[in-house]
Every structure is written in structure tokens, then in C-alpha cells.
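First comes the structure, then the notes that go with it.
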Number of protein chains: 2
Amino acid sequence: MSGGGEFDFIRERLRPLTRGDVAALDLSDDAAILPPRPGHSLVLASDMLIENVHFLSTDTPEVMASRAFGANLSDLAAMGAEPTGYLLSVSWPQSWSSAQRDAFIAGLSAAAGEIPLIGGDTTSADMPLSLSITMLGFVPVGSALTRAGARPGDDVWVSGTIGDAGLGLDIARGKLDPQTHLLSRYQSPQARIGLGLALRGVASACIDVSDGLVADAGHIAQAGGIAIELEAAMMPLSTPALHWLENEGDAGLKHLMTCGDDYELLFTAPHDRARDVLALSGQHGCEISWIGRVGEGEGVSVIAAEGDAMSFQSGGFTHF
Amino acid sequence: MSGGGEFDFIRERLRPLTRGDVAALDLSDDAAILPPRPGHSLVLASDMLIENVHFLSTDTPEVMASRAFGANLSDLAAMGAEPTGYLLSVSWPQSWSSAQRDAFIAGLSAAAGEIPLIGGDTTSADMPLSLSITMLGFVPVGSALTRAGARPGDDVWVSGTIGDAGLGLDIARGKLDPQTHLLSRYQSPQARIGLGLALRGVASACIDVSDGLVADAGHIAQAGGIAIELEAAMMPLSTPALHWLENEGDAGLKHLMTCGDDYELLFTAPHDRARDVLALSGQHGCEISWIGRVGEGEGVSVIAAEGDAMSFQSGGFTHF
């Protein structure tokens, strides 16, 4: 008796994303029911993503889905949690064709892999795409990584390379010549789930680099009540980013350290765990680089190669 | 170093909504960490709500918050779950003043009572209000109510009165003269949490009336692979709704049975539990009324007072 496109869409397009997971109840009920995992807490990370704010309107639906999922999954990586499912709440633009919706679903399916969709909500409105993904993961009670916990004397580390996604965004905006690696870092962020799991019991604090390296270091500093000193010369940069930087000088380096969307893990660890951290380098699809140290005080300072402090107007992206 | 209005807003306006709950981590991290409750599954219900679609643009921010929260909490009631917290992901219209945002927060705080905000995300965009609430609740493993489970011979019951919120919406749209009770049913839905808990082990299937009574009965019929026959004469109506109905006839009754937003519990129970159901009537702030029966077959039929089948073009609200 009831019916219409909404229910058909859920059954035909969204239900396959559940991968048959029992928590989803086939998406046929008002809610998901997640069975307990004894001895584990549930980590819940939500991102709200809006076309023209977090996506370019020129991004394809696949890219929007891939970026939304990767950004959200990265929050779980930063907590050292093992993904168990996600909720998708989405308001489709009424201007989107069913082919565009299908392309979004295809991008989501590819980004999610075996992680099941277990619930959410879907509607449509005469406005840009608006969506919220809530990523769910389990972590043994008491062993989640958080932003708080860095102590003076700790080292500061970061995975992978910094600034690629920001340059990829510049490419997507038509401000830079196309370059495959950089564009892919913007379009298809790869959350460091494996590394996050390996950092349990090793890292003293952890965050994913989304707002920008300097801003995110600031979050760790604030949460821990400590100061962070970063060495600009130690920033890990990809070959295409180094190539771009040749003509840019200090302003370019600042751009790479603040542009965000890297979805690398920025973490601190006691100095006597440095060997353990280095042992992880190269093991999870990325190198791990020492980039600074934790001290007494507050805030983030960045030391240039010549030894002077670099000044930053803003550490990165904020939403207001 | 980082900063700006977003972080201030989270600290000053959103953090009080956590009620100090440990899962929220003071909203200072990338995610919430919900400790396990042994022997309990977690129920997760998400609603995506958009200004001009789910809210009138003339609704006050308090009303939007109250409606969003009540609708979402009602999904938990329908599963028989005990609320433990919620996530709020919101995109504020850039046209909103900080007073409007504060009014929304005040409405949310009033609607939530002691239920803590434990996470989410906040951003702003040049478009209407868009928000997703994910309500979280615990239920003993295996005892959640779902839409599936109704069996031929079961009775069909509904809590409270039907159609008030739909008339309240007509009032809010200026199509009907103001009437306090009806308007309040639209503006401040009250989820039947206590009743939902009491229905564990009693109801065979349960749903909250959001799309419309007939459509939601259709969801139970479809999920259970059974037919539902409703008796129009047995519909519980409030005094103001009865008064309105006097001049409306069958079309008016159909309106009340399809307009939705009631957030009452519609459920089935074996006939030999009828006495248990009736014992709950009046105990949770509402009466419980017998309105029909479950049979073999499929779909929903509605029998008019004269004994004829009433026909419905559509059972209620869909989003496409």
C-alpha cells in the first residue's frame, strides 16, 4: 500500500551495501541493531558533508562518496578502532538523475569494501547534496587512542606524505596542472586503519590530519595541555609535492602544512618507543616520519630549516 | 593556534548538552567512545531532516529541534530500546544569527532532557538547515521489537490519538484555525519510550507512526508477510480532532489516518496478550486502543463504520 521510489531505492540500491550484515536488519526497520562485542567499546565518528563546502560541485558523485567515506573512516583510524559498519544519512539533490545517485552508491561501495552499511536515512531536497556518515568501530575497553595524552619529551610522528590532497584540490579547482598522484590523494583518501590498530599501546595521542597538519597538531597540544614543536625540514613530501614546492618557497611549505585533507595519522609517542614506531614504518602502505617533539607549554611552533620560527596565520580549515 | 567560531561553539553551546557523559569525551575528540553494556545490543536510529521538507521554514528553531529529536527518539521507542545518547550532525544556514542557533540548542536541550549528546559534527552552508540525529539505545540481546513478527490472529493496537500532528501541521501552514493541543502535537512530539520498554515480550511487531497510520501498518504487513485489517470506527481521536472531523466525513478520516507525524506506537500482539496490553493503557501517559487484526495475505485494508472497505490512494508520506 505504501511504496514509491524511496522504498525501492533502499531495497535495490542501498541493501546490497549491507553485505548481508545482521545489524542492518536488511534496512527494513526503523533502526539498526548492533550485537555487543564483549570487552569492547564502540567508537562513533560522524561527519557532515555538504556540496560546495566539503565537495566541489565539479566533483563526480563517485568522488564525493569516496571522499566522504575516507574522511570518516580516517576518524576511526585515529582512535585505533576496527570498523564494524556505518550509517548513511543523505539528502539527494532533486536535480540529480538516478544515474548520479547510482554513481554515488558505486563510489560508496568501492570505498567501503567489506565494511557494511547498517542503517541511516534517505530523503531528497531542492538543494545541494548534504550527507552525514557515522562510522562505527570496536576497540578493546580502555585502549582507544585519543587526542589527549601527549607528554613533554614525546616524539611527534606523521604517516605518509603531507600536502598532496591540498594540491590535488588545487588541481580539481583548475589552479594547478593535472597530476595523477596528487589528484588521487584528494579524490580517494585512504584511511590508515591498519596503522591505527598497530599504534594502540604505542602512541600517547593520535589524530588524523583533516583540518591541516598545524591545526591538528594544535588539537593534540590543546587536549594534552602541552606544546608541540615541528621541524619544517622534516615534513615528509611526495615527489610531485617536492616538484611543485621548488618555485614556492616558505609560502608553499606553509600551504602544504595547513591545507588538510591528508587523512594521515599524526601522533605522539614516548621517546623510548621510537624504535617500535620506526618498526611500523613501511608496514601499512606508508612510511612514518619523525617531525617534531612535545614540550612544556601550549600551542604549536614550527621551526624552519634555518632555525627560525615560522609564523602561521591560521593552522588550517575551520567551518565557520 | 587553530581556533575560530566552530571550536568555540562546540565548547560553549554543544558541550553542555553532553550532561557530562563519559562517552562524549567532552566533544574534544574525533569520535565518541561508548562503553559496552554487557548483554545488550545497541540500537541506532538515524533521521535526516531538511528545512522546507521536514520542517516548515516558518517553524522556529526550537520547534525544528524539538521535532527532530522527538521523531528520532520515537524510532528507539518503537524498538523497545532505552536511550543512552545521541549524535547531532548539523549544517547551519549561513543566514542564521547566533541567536537562532542558540534557540535551536535550547529546543534540543529541552527535548533531550537527561539524554546526553555524545558526538556528531557541525558545519555551515549557504542553504537551508540540514541535520541528522542518530539516536542510540540499549536493548537486552534478542529482545528488541521490530516491524517483523506479526502473525495471523494477532490484534493491532495503537497508543494515544491519531491525526493530531497532521492537523497541527495544517494549523502551522495557516490552513486551519489555531488550536493549542493540535499545534503542540506537531511542534513537540513525545516519544513513547516507557511504553516501548513495557512492550518488550508483549508486542509481536512494533513501529512508530511517522509516515502515516496506514502506511506504517503497511510496513508491518510487508515485514511480517501478513495482512492487516483496520477498523476506521475504532481510530482513537482527540476531542479537537473529532471536532474538526464533524464537517469532513470520510475524506477527513482518511486524512487523519495518513497524515503521519503522530509518533505513537502501532503494534501487534497475540490475542491472548490482549489483557496485558490493556493493563498498560493509561500507564505511560496515553491510552492504548484496539484498532484491527492481523490475517493471512498481504497489505492493509481499512473497514469503514458501515462495513465497506475504504480505498486509499496513498498510505502516507514518502520522500521521493
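Just to be sure I understand, how many residues within the stretch A:1-21 are modelled with pLDDT of 90 or more and assigned to a helix (DSSP H, G or I)?
Of the residues in the stretch A:1-21, 5 are modelled with pLDDT of 90 or more and assigned to a helix (DSSP H, G or I).
Just wondering, is there one or more residues in the stretch A:82-92 that are farther than 23 Å from B:W92 by Cα, among the hydrophobic types (A, V, I, L, M, F, W, C) and touching a residue at least 12 places away in the same chain (Cβ under 8 Å)?
Looking for residues that are farther than 23 Å from B:W92 by Cα, among the hydrophobic types (A, V, I, L, M, F, W, C) and touching a residue at least 12 places away in the same chain (Cβ under 8 Å), one finds none in the stretch A:82-92, hence no.
For B:G196, only one of the following conditions fails: (1) facing chain A (nearest Cβ under 10 Å); (2) buried (at least 24 other Cβ atoms within 10 Å of the Cβ); (3) under 25 Å from B:Q283 (Cβ atoms). What is its number?
(1)
Restricting to the stretch A:16-43, and then to whatever is of a type outside the set (D, E, K, R) and over 21 Å from B:P140 (Cβ atoms), can you tell me which residue is surrounded by the most Cβ atoms within 10 Å (Cβ to Cβ)?
Across the stretch A:16-43, the extreme among qualifying residues is A:V43.
Hey, B:M48 hits all of (1) more than 7 Å from every other protein chain (Cβ to nearest Cβ); (2) under 22 Å from the mean Cα position of the chain (by Cα) but one; which does it fall short on?
(1)
Give all pairs with beta carbons closer than 6 Å in which a residue from the stretch B:200-227 that is within 11 Å of another protein chain (Cβ to nearest Cβ) meets a residue that is among the basic types (K, R) and not in a helix (DSSP H, G or I); count only pairs at least 6 apart in sequence or on separate chains.
Once the first residue is within 11 Å of another protein chain (Cβ to nearest Cβ) and sits in the stretch B:200-227, its partners that are among the basic types (K, R) and not in a helix (DSSP H, G or I) give B:A205/B:R147; B:I207/B:R147; B:H219/B:R147; B:I220/B:R147; B:A223/B:R147.
Residue-wise test of (1) closer than 20 Å to B:R185 by Cβ; (2) surrounded by fewer than 20 Cβ atoms within 10 Å (Cβ to Cβ); (3) basic (K, R).
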{"residue": "B:M48", "(1), (2), (3)": "no, no, no"}
{"residue": "B:S98", "(1), (2), (3)": "no, yes, no"}
{"residue": "B:L108", "(1), (2), (3)": "yes, no, no"}
{"residue": "B:L131", "(1), (2), (3)": "no, no, no"}
{"residue": "B:P140", "(1), (2), (3)": "no, yes, no"}
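Take B:G295 and decide whether it is surrounded by fewer than 22 Cβ atoms within 10 Å (Cβ to Cβ), within 29 Å of B:F69 (Cα to Cα) and not β-branched (V, I, T).
In short, no.
I need the full set of residues from the stretch B:80-121 which are closer than 30 Å to B:V202 by Cα and hydroxyl-bearing (S, T, Y), in order please.
Across the stretch B:80-121, the qualifying residues are B:T84, B:Y86.
So which residues in the stretch B:141-163 are within 14 Å of another protein chain (Cβ to nearest Cβ) and acidic (D, E), if there are any at all?
none
What tally of residues in the stretch A:38-77 results from selecting those that are outside any strand (DSSP E or B), β-branched (V, I, T) and either assigned by TED's automatic domain parsing to the domain that holds A:A165 or more than 17 Å from A:D262 (Cβ to Cβ) (or both)?
Looking only at that region, the number is 3.
Out of everything in the stretch A:286-320 that is closer than 16 Å to A:V209 by Cβ and assigned to a loop (DSSP other than H, G, I, E, B), what residue ends up being modelled with the highest pLDDT?
Restricting to residues being closer than 16 Å to A:V209 by Cβ and assigned to a loop (DSSP other than H, G, I, E, B), the top hit is A:E287.
Against the definition (surrounded by 23 or more Cβ atoms within 10 Å (Cβ to Cβ), away from chain A (no Cβ under 14 Å) and among the small types (G, A, S)), how does B:G166 come out, yes or no?
It is true that B:G166 is surrounded by 23 or more Cβ atoms within 10 Å (Cβ to Cβ), away from chain A (no Cβ under 14 Å) and among the small types (G, A, S).
Does A:E62 satisfy the condition of being acidic (D, E), more than 7 Å from chain B (Cβ to nearest Cβ) and over 30 Å from B:M127 (Cβ atoms)?
In short, no.
The values are calculated or read from the model by the stated rules, or taken from the named source; none is laboratory data. Keep in mind that what you see is a predicted model, and the values were worked out from it rather than measured. A quick note on method: Cβ atoms are made from the backbone with ideal geometry, for glycine too, and the neighbour counts reach across all protein chains shown.
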